[in-house]
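The next block holds one structure in the form of structure tokens; read it before the comments.
The values are calculated or read from the model by the stated rules, or taken from the named source; none is laboratory data. Everything numeric in this text was worked out from a predicted model, so none of it was measured. Ideal geometry is used to build each Cβ from the backbone, glycine not excepted, and the neighbour counts take in all protein chains shown.
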Amino acid sequence: MDQGTRSITVSIAAHYEASRVPFLITVLQEMEAWDFTEVSVTIVTNDLALAEQPALRKVISRLLRRGFTVEFDQTYGLEHPFHLTWWHKEHLRRWAKKGGRDDDLFIYIEDDIAISAENLKYFVKYLQPLKDVGLIPAFILYEKIKDERVAVAFLGPQLLTIRPPIRVLDTNFVIPKFPYWAGFALDRDLCREYLKSPMVDRTLAAVNFPRHTCRVHSALGLCYSDPPGDFESRYALPVEEGAPRVDCQVWHAAQNYSTTKKHSFATVKMRDVFLPYEAKSRVKLLGWKSTALLRRGRRKAARELARILNPLFK
């Protein structure tokens, strides 16, 4: 399929903080390599001072020279700062009304989700074949610890059951237990479905998934909407030699989960995300759970110690 004639519309949620500007720059730098000629980018921000950042202006200038369009949209009247991540819903509605090619794409991401040209090529290749079986190509977020990639959203390895993988275009796909990746991508067909779903409404999304925050609700797209059969979601990850394929791995440029060590996010190596359902895998999973339990215990002890000591130093 000719990628050059398909249009890509991107909405980026970017709450302005000086420390986060480098992440947004990284996201836009990845877009420079996208193999598409018609790309429109809108950066949603609470403060247009973001648009005046010199380093950001440089990468935007390069995108403009490539023929991309880049604009800023300032939010107003938000009940809570996190609601900035819902501002793109109006962009999506306007995009749907505007019309265009059926295979045009609308992409929503947060300002530290660096989608590469390889990531986008993978999504385009498998979108229709997976749609034909009721699924959607998924991405998996990673961060880097030295030369090792770790899965950001996975709270432990996923044991693969006896259910056979989904076979599409000679590729095996697995439904991930933790499908969230801080963004979504829709063609016009999926967009029409999404705009009719409860996930496009902040209140209804909270009712359906009360354990998640509004920022997570905003980025779920059609992940949990009418999955086929007994699948938990519609998101499918390609696997190769038992691990998520490299082209579905999207970099979380903030690198903040793998460096804090205060939680169980970004603690599973990418090669261990999916484990075969066998005895040694269950032992490995038990070891990981034991480590996670000790980590949580140390955090709880540290908090309790701080609670006792803090009054003594005031």
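Residue 113 fulfils the conditions (1) hydrophobic (A, V, I, L, M, F, W, C); (2) crowded, with 21+ Cβ neighbours inside 10 Å; (3) out of contact with any strand residue (DSSP E or B) (no Cβ under 8 Å at 6 or more places or on another chain) except for a single criterion, (3). Criterion first (surrounded by 12 or more Cβ atoms within 10 Å (Cβ to Cβ), in contact with a strand residue (DSSP E or B) (Cβ under 9 Å, 6 or more places away or on another chain), more than 19 Å from residue 184 (Cα to Cα) and among the aromatic types (Phe, Trp, Tyr)) does residue 68 satisfy it? For residue 68, the condition - surrounded by 12 or more Cβ atoms within 10 Å (Cβ to Cβ), in contact with a strand residue (DSSP E or B) (Cβ under 9 Å, 6 or more places away or on another chain), more than 19 Å from residue 184 (Cα to Cα) and among the aromatic types (Phe, Trp, Tyr) - is met. Among the residues of the stretch 126-141, are any in contact with a helix residue (DSSP H, G or I) (Cβ under 7 Å, 6 or more places away or on another chain), modelled with pLDDT under 90 and of a type in the set (Gly, Ala, Ser)? The answer is no; no qualifying residue exists.
Only one residue in 57, 93, 65 is more than 24 Å from residue 178 (Cβ to Cβ) and touching a residue at least 24 places away in the same chain (Cβ under 8 Å). Which one?
Details: 57 fails: touching a residue at least 24 places away in the same chain (Cβ under 8 Å); 65 fails: touching a residue at least 24 places away in the same chain (Cβ under 8 Å).
Exactly one of 57, 93, 65 is more than 24 Å from residue 178 (Cβ to Cβ) and touching a residue at least 24 places away in the same chain (Cβ under 8 Å), namely 93.
With the checklist (1) aromatic (Phe, Trp, Tyr); (2) over 25 Å from residue 144 (Cβ atoms); (3) at pLDDT 90 or above in hand, flag the one item residue 277 doesn't pass. The one condition residue 277 does not meet is (3). Name the helices (runs of 4 or more DSSP H) wholly within the stretch 49-141 that hold at least 2 residues that are small (Gly, Ala, Ser) and over 26 Å from residue 196 (Cβ atoms)? Qualifying helices (runs of 4 or more DSSP H): 54-65. Can we say residue 148 is loosely packed, with under 14 Cβ neighbours inside 10 Å, over 26 Å from residue 5 (Cβ atoms), within 22 Å of the chain's Cα centre (by Cα) and not aliphatic (A, V, I, L, M)? Judged against the criteria, residue 148 is a match. Restricting the stretch 1-41 to residues that are crowded, with 21+ Cβ neighbours inside 10 Å and hydroxyl-bearing (Ser, Thr, Tyr) leaves a set whose member that is nearest to residue 65 (Cα to Cα) is 9. If the condition is being in contact with a Pro (Cβ under 7 Å, 6 or more places away or on another chain) and either in a loop (DSSP other than H, G, I, E, B) or under 15 Å from residue 82 (Cα atoms) (or both), then the stretch 189-240 contributes 205, 223, 233, 234.
The condition of being hydrophobic (A, V, I, L, M, F, W, C), touching a Gly at 6+ places or on another chain (Cβ under 8 Å), in contact (Cβ under 8 Å) with a residue 40 or more places away in the chain and at negative phi holds for only one of 184, 173, that being 184.
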